[in-house]
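For reference, the structure is listed below as structure tokens.
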Amino acid sequence: VFDATADPGALARAEWIKFISVFFNAEEKANLYFAREKAAFEATSASTASLSASLYGGESASAGKTCAWVQKYDDWYTGATEYHVSYTTYKQELCVGAGMTPAVDAADLALTTPAYKMVFTNVDEFHAKLKTYDVIIDETYQYDVVNAAKDVVLNSLGVDPDDVSASLKPGALLLRTDGHVTDAVTNLTDANGNAMDWYESAVARPALVLADLAHRAWPEDIAAPPAGCARYFRDVLAGEMPVVNGKDKCDVWIAAENEQMCLNNPVLAWDAELEANAASKTIRAVAAMVVGAVAAMLVA
């Protein structure tokens, strides 16, 4: 048994595909997939770093956009409520890759065993921190995720839906990671609610996650992933709701993958960079040369 999500880094979590591939004799595909994933992640990171530098390069680092992952946490045993600002490694990497400065507690990170989170038991103190962030990503658990509208999300964080100015920075962006969810499924033996794509594909596709986050942070400069590609974030303050993807969307999603539209995509059987296909291409090229040479001899 292994847990890829226990690996701290965004790319490090995705690299576990190499381990899994061994059991399916698919090492070549896995290595090719991860190499492309890494290249795509680094390309987006370079773009956002350049963009941020062009806007804030001449100012202090604190002048750039800040990024924080937050959640309300209710302890089921004690009934206590806490508010967390989390900065596990992969979250820091996604913020940095999207051209932003992650919210962290430097003193905590200096410890031998960091907690990787700030904990607030006072909602006013939590809101005072929220007001310092430009992009906030809310991970609070919502039981009925497809109906978690703006007022539901804000109330969970203790923010007044009618006046966010006391809790959020002017112009702040409040995102959630439930941008895409599955349709609810009921069969003869089980019933499943709407599962978030964040828990389905985000671990294996950090480049697509980063591209989506970068687009949210810099909508005028970074393009959104095309239709048929996973989208992980939604803009709460803009009133966006989770998009439910069911079997009626299969054709769109399959077409996007087959046409290699989603930044990095599954390595398909006919991929030109697979050794078998490259060898076949070489054989065809050699055969064409031989045919050409023979033809030239006959003409001569």
query = Can you give the Rg to Rh ratio of the stretch 205-272, both from alpha-carbon atoms, with Rh computed by the Kirkwood formula?
reply = 1.00
task = Work out which chymotrypsin sites (Phe, Trp or Tyr not before Pro) in the chain are exposed loop sites (DSSP not H, G, I, E or B, at most 11 other Cβ within 10 Å) and give the longest gap free of them.
result = 144-269
query = How many nm separate the modelled label positions at Tyr73 and Asp163, each set 7 Å beyond the Cα in the direction of the Cβ?
reply = 3.1 nm
inquiry  = With equal scatterers on the alpha carbons only and no solvent term, can you work out the Debye log10 of I(q)/I(0) for the chain at 0.08 1/Å?
reply    = -0.44
key: Extension gain, Val152 back to Glu28 (0.36 nm per residue minus Cα-Cα distance, nm)   = 40.0 nm
key: Lys/Arg +1, Asp/Glu -1 at C-beta; the chain dipole; positive extreme among Gly158, His84, Ile222   = Ile222
ask   = What's the local net charge at Val119, with K and R +1, D and E -1, over the other residues with C-beta under 14 Å away?
value = -3
remark   = GNM of the chain, Cα pairs under 10 angstrom: of Thr78, Thr88, Thr140, the biggest fluctuation goes to Thr78
request  = Quick one: dipole size for the stretch 93-239, taken about the Cα centre, charges +1 on Lys/Arg Cβ and -1 on Asp/Glu Cβ, in debye to the nearest 20.
outcome  = 260 debye
ask   = So which of Lys72/Lys131; Lys150/Lys249; Lys18/Lys91 end up more than 19 Å apart by C-alpha?
value = Lys150/Lys249; Lys18/Lys91
query = Where nothing but the Cβ of Lys and Arg (+1) and of Asp and Glu (-1) is charged, how large is the charge dipole of the chain around its Cα centre, in debye to the nearest 20?
reply = 840 debye
note = Computed for the stretch 30-150: size of charge dipole around the Cα centre, +1 on C-beta of each Lys and Arg, -1 on C-beta of each Asp and Glu, debye to nearest 20, value 340 debye
key: Kyte-Doolittle at least -1.0, axis length at least 20 Å by Cα - qualifying DSSP helices, the chain   = 27-56, 275-299
key: Interchain or long-range residues, amide H under 5 Å from Trp69's placed H   = Ser86, Ala103, Ile137
query = Of all the stretches in the chain, which is the longest one without any exposed loop site, taking GluC sites (Glu not before Pro) in a DSSP loop (any state but H, G, I, E, B) with at most 14 other Cβ atoms within 10 Å?
reply = 60-219
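Every number here is computed from the coordinates shown, using simple stated rules; none is lab data. Keep in mind that what you see is a predicted model, and the values were worked out from it rather than measured. In this analysis, Cβ positions are derived from the backbone assuming ideal geometry, glycine residues included, and neighbour counts consider all displayed protein chains.
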